[in-house]
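Each remark here refers to the structure printed beneath this line.
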Amino acid sequence: MPPTVTTQASWTEGPEAEAEAQAQSAKAQFESTASPESGFSPVLNQDQKDIRDWVHGFAADVVRPAAREWDEREQTPWLIIQEAAKIGLYSFESLAQFYADPTGITLPVAFEELFWGDGGIGMAIIGTTLAVSSIFGQGTGEQIGEWIPRCFGSVDEPKVAAFCSSEPNAGSDVSAIRCTAKFDEAANEWVLNGQKAWATNGGIADVHVIVASVDRELGTRGHAAFLVPMSEATGITEGSKVSKHGLRASHTADVFLDDCRIPAEYVLGGKEKLDERLAAARERATALATPGAKRFTPSNPSMATFEASRPAVGAQALGIARAAYEYSLDYAKEREQFKRKIIQNQSVAFTLARMKMELDAARLLVWRASWMARNGIHFQNAEGSMSKLKAGEVAVWVTERAIQILGGNGYTREFPVERWHRDAKLYDIFEGTAEVQQLVIARAISGMRIE
């Protein structure tokens, strides 16, 4: 369990009321400690170092030795997820502790270490957090207490959760979401129809958080997030599993919803709150139709979740990149050509120097954005997008340079750098492509609508 955790509650064995109380306590701790006065420093404090070392130990001893096997198998590493659950790493308690750090740094530090072990296994372990973040950020107290425990399951029988936003024709453009949610007054149920694509843990998750359109005329303002339990709901099925270039130990699949019925209270935030929000959105839409009215860009369930997660995604990319840098550095110090170590050639040494510099620069951007997000400081210049964009580009560049330094060995599966390169590429694409991140930054710094 995490070094600073003294007790670990059982989310599956205790009464539901106790689970809700603990979730509310974690949320209250998170909110009460967030303030711009929370110190930011590039030097980790002792608690942060202890957690870093704890996660690194698990990554080094459990994750990395199994990485090649699970990449080749392209299957969810349930045994490793269970090992993470046994030590308390795969749990809401650990996640809440990481988030509770008032500096915001602990979470990216932990994610970097885990993904240093392996990107695919790392994603299999933390893929649940997107759904958890959505529930935690948008759910009622009762929903938090009931559903977050279900996302993780138990130590003996761990579960995973899935956040389903993307669709075949709605990736970066969330306004193109076609999945619908209609309310059946007579049955007091929501009826969901549509297809979700590229869903991490899609189909194998016990809990799916589905983003759907309640009112298409409102665009993204008419979106809502719904809790769909695989074991209870009818009309939800797993589609084709995606065969991926990288992160192959992480399950990705389509999810189909065919007259999928769920109770009225399974909309995140509650139906009453949703009805109020939709009514306000309709009023604003009417006002916007007035000539000269000031336009605005409202938040929606997909973008709210992705914006909050971008620095953490950057930390994942950093872990993969750092693994490649450290491996290629060690290799260059040992490998001999023309009767000298290859690092003694300026071309190799200078490349490694730049790799280290780019890693450190990206990490500072990730830490800055994490600190800002944790303390409620507005991303005035799209600092969250900056961190994710830089870290993703660095990961792709560093892993490619690592292959070059290893030469022919780097191109074979006998050495891990080719796997790290495959894993890194996704960070230029998912949760906002590099092009979308640049668009977000450009709009932020210019204050203008850029298409």
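For this structure, a couple of remarks:
- Subset tally (residues that are under 23 Å from Arg68 (Cα atoms) and either part of a helix (DSSP H, G or I) or within 15 Å of the chain's Cα centre (by Cα) (or both)) for region 79-117: 17
- For Phe379, the test of being of a type in the set (Phe, Trp, Tyr) and in contact (Cβ under 8 Å) with a residue 40 or more places away in the chain is passed.
- In region 207-240, the residues that are in contact with a Ser or Thr (Cβ under 7 Å, 6 or more places away or on another chain) and within 24 Å of Phe115 (Cβ to Cβ): Val209
- Number of residues in region 171-216 that are of a type in the set (A, V, I, L, M, F, W, C), more than 28 Å from Thr76 (Cβ to Cβ) and in contact with a His (Cβ under 8 Å, 6 or more places away or on another chain) equals 1.
- Taking first residues from region 173-201 that are among the polar types (S, T, N, Q) and partners that are outside any strand (DSSP E or B) and surrounded by fewer than 19 Cβ atoms within 10 Å (Cβ to Cβ), the Cβ contacts under 6 Å between residues at least 6 apart in sequence or on separate chains come to Ser175/Gly219; Asn188/Ala264.
- Exactly one residue among Glu185, Glu113 is among the acidic types (Asp, Glu) and more than 30 Å from His245 (Cβ to Cβ), and that residue is Glu185.
The rows are residues; the columns are (1) crowded, with 17+ Cβ neighbours inside 10 Å; (2) in the same structural domain as Arg68 (by TED's automatic domain parsing); (3) not aromatic (Phe, Trp, Tyr).
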| site | (1), (2), (3) |
| --- | --- |
| Gly122 | yes, yes, yes |
| Leu130 | yes, yes, yes |
| Gly137 | no, yes, yes |
| Asn169 | no, no, yes |
| Ile177 | yes, no, yes |
| Ala187 | no, no, yes |
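- Criterion (closer than 17 Å to Gly203 by Cα and either outside any loop (DSSP other than H, G, I, E, B) or without any contact (Cβ under 8 Å) to a residue 60 or more places away in the chain (or both)) met by exactly one of Ile125, Ile121, Ile135: Ile125
- Of the residues making up region 360-401, those that are of a type outside the set (Val, Ile, Thr) and surrounded by fewer than 20 Cβ atoms within 10 Å (Cβ to Cβ) are Asp360, Ala361, Leu364, Asn375, Gly376, His378, Phe379, Gln380, Asn381, Glu393, Trp397, Glu400.
- Scanning region 217-252 for residues that are of a type outside the set (A, V, I, L, M, F, W, C), free of Cβ contacts under 8 Å to residues at least 60 places away in the same chain and either over 27 Å from Glu72 (Cβ atoms) or in a helix (DSSP H, G or I) (or both) gives Gly219, Gly222, Ser231, Glu232, Thr234, Gly235, Thr237.
The rows are residues; the columns are (1) under 18 Å from Ala321 (Cα atoms); (2) among the aromatic types (Phe, Trp, Tyr).
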{"position": "Ala373", "(1), (2)": "no, no"}
{"position": "Glu383", "(1), (2)": "no, no"}
{"position": "Tyr411", "(1), (2)": "yes, yes"}
{"position": "Glu414", "(1), (2)": "no, no"}
{"position": "Trp420", "(1), (2)": "yes, yes"}
{"position": "Asp428", "(1), (2)": "yes, no"}
{"position": "Ala444", "(1), (2)": "no, no"}
{"position": "Gly447", "(1), (2)": "no, no"}
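- Selection within region 332-353 - among the basic types (Lys, Arg), surrounded by fewer than 12 Cβ atoms within 10 Å (Cβ to Cβ) and closer than 15 Å to Ala402 by Cα: none
The values are calculated or read from the model by the stated rules, or taken from the named source; none is laboratory data. This structure is a prediction, so every number in the text was calculated from the model and none was measured. With ideal geometry, Cβ positions are generated from the backbone for all residues, glycine too; neighbour counts draw on all protein chains shown.
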